[in-house]
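Chemist: Encoded as structure tokens, here's the structure I'll be asking about.
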Amino acid sequence: MALTPSSMLPIGTTASDFLLPDTVSGDNLSYERVEGDRGTVILFICNHCPYVLHIRDALMSLAREYMGRGVGFAAVSSNDADSHPEDGPERMAEVAKQIDMPFPYLHDATQDMARAYRAACTPDIFVFDAGRRLVYRGRFDGATPGNDVPVTGADLRTALDALLVGGMVPEDDQLPSMGCNIKWAG
């Protein structure tokens, strides 16, 4: 594991479209199929990263809350499944079912989506408005394994609350996520 920060894609960037398999349903899903009426959260995660595991329960709870308010969510694993089989589609589906993941868990086998979004780590979080413009990128909150900061989702929650009232999240308030690096192929 190499501790890696988010690359911080520029605010205002338009969400790249994609067509990726949902590991649970088997359906190929596009941005249009996962977007919410009021905005969309794209999460780059994986099954084994301790930084993802540390926030996972709170992330699922927060997603359920905001999905009920018109925000779409999708998680993507872009890790190379050859070198990290625990992040392959079969195991992704098992984990999604085990934790009752409320949103699609997409497998980015080509890693093209990670490149398009400039995802660097897990978790890496991107929030887009209803017009597909990036309004937030960065961390869930300040909690990391071993730092004794409570897991609250405060940073993402602040961004989503601002999105829902039509406000902007000041760029100065957006801090990079920190986590395991994306496991690039070859």
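The values are calculated or read from the model by the stated rules, or taken from the named source; none is laboratory data. On a predicted model such as this, the values are computed, not experimentally measured, just so you know. Every residue, glycine as well, gets a Cβ built from its backbone with ideal geometry; the counts of neighbours run over all protein chains shown.
Chemist: Can you pull out the strands (runs of 3 or more DSSP E) entirely within region 1-63 that have at least 1 residues that are within 15 Å of the chain's Cα centre (by Cα), among the small types (Gly, Ala, Ser) and at pLDDT below 95?
Modeler: Values: elements: 3-5, 19-21, 28-30, 39-44.
No strands (runs of 3 or more DSSP E) qualify here.
Chemist: Specify which of the listed residues (139, 118) is surrounded by 19 or more Cβ atoms within 10 Å (Cβ to Cβ), farther than 20 Å from residue 33 by Cα and among the charged types (D, E, K, R).
Modeler: Values: 118 fails: surrounded by 19 or more Cβ atoms within 10 Å (Cβ to Cβ).
139 is the lone residue from the list that is surrounded by 19 or more Cβ atoms within 10 Å (Cβ to Cβ), farther than 20 Å from residue 33 by Cα and among the charged types (D, E, K, R).
Chemist: Just give me the residues in region 61-76 being surrounded by 19 or more Cβ atoms within 10 Å (Cβ to Cβ) and either hydrophobic (A, V, I, L, M, F, W, C) or in contact (Cβ under 8 Å) with a residue 40 or more places away in the chain (or both), in sequence order. Talk me through it step by step, then tell me what you get.
Modeler: Restricting attention to region 61-76, the residues satisfying the condition of being surrounded by 19 or more Cβ atoms within 10 Å (Cβ to Cβ) are 62-63, 66, 71-76.
Passing the criteria: 62, 63, 66, 71, 73, 74, 75, 76.
Chemist: Shifting gears a bit: Can you pull out the residues in region 170-186 that are under 15 Å from the mean Cα position of the chain (by Cα) and outside any loop (DSSP other than H, G, I, E, B)?
Modeler: 178, 179, 180, 181
Chemist: Name the residue that is nearest to the chain's Cα centre (by Cα), counting only residues in region 64-80 that are within 13 Å of residue 92 (Cβ to Cβ) and of a type in the set (A, V, I, L, M).
Modeler: Only one residue tops the list, namely 75.
Chemist: Out of all the residues in region 85-110, which are part of a loop (DSSP other than H, G, I, E, B), farther than 13 Å from residue 45 by Cα and not charged (D, E, K, R)? Write out each step before concluding.
Modeler: Residues of region 85-110 that are part of a loop (DSSP other than H, G, I, E, B), as a first pass: 88, 99-104, 108-110.
Keeping just the survivors that are farther than 13 Å from residue 45 by Cα gives 99-100, 102, 109-110.
Within region 85-110, 99, 102, 109, 110 qualify.
Chemist: Could you please give the count of residues in region 121-136 that are part of a strand (DSSP E or B), surrounded by 20 or more Cβ atoms within 10 Å (Cβ to Cβ) and not β-branched (Val, Ile, Thr)? Before you say what the answer is, go through the steps one by one.
Modeler: Taking region 121-136 as the starting set, the residues that turn out to be part of a strand (DSSP E or B) are 121-122, 124-129, 133-136.
Narrowing further to those that are surrounded by 20 or more Cβ atoms within 10 Å (Cβ to Cβ): 121-122, 124-128, 135-136.
Filter once more, keeping what is not β-branched (Val, Ile, Thr): 121, 124, 126, 128, 136.
Of the residues in that region, 5 qualify.
Chemist: Confirm whether residue 44 is in contact (Cβ under 8 Å) with a residue 40 or more places away in the chain and not charged (D, E, K, R). Can you show your working first?
Modeler: Numbers: in contact (Cβ under 8 Å) with a residue 40 or more places away in the chain: yes; not charged (D, E, K, R): yes.
Yes.
Chemist: Give region 140-159 a look and list any residue that's part of a loop (DSSP other than H, G, I, E, B), within 14 Å of residue 177 (Cα to Cα) and of a type outside the set (Asp, Glu), or say none. Break it down stepwise before answering.
Modeler: Taking region 140-159 as the starting set, the residues that turn out to be part of a loop (DSSP other than H, G, I, E, B) are 140-153.
Adding the requirement that they be within 14 Å of residue 177 (Cα to Cα) leaves 140-145, 151, 153.
Across region 140-159, the qualifying residues are 140, 142, 143, 144, 145, 151, 153.
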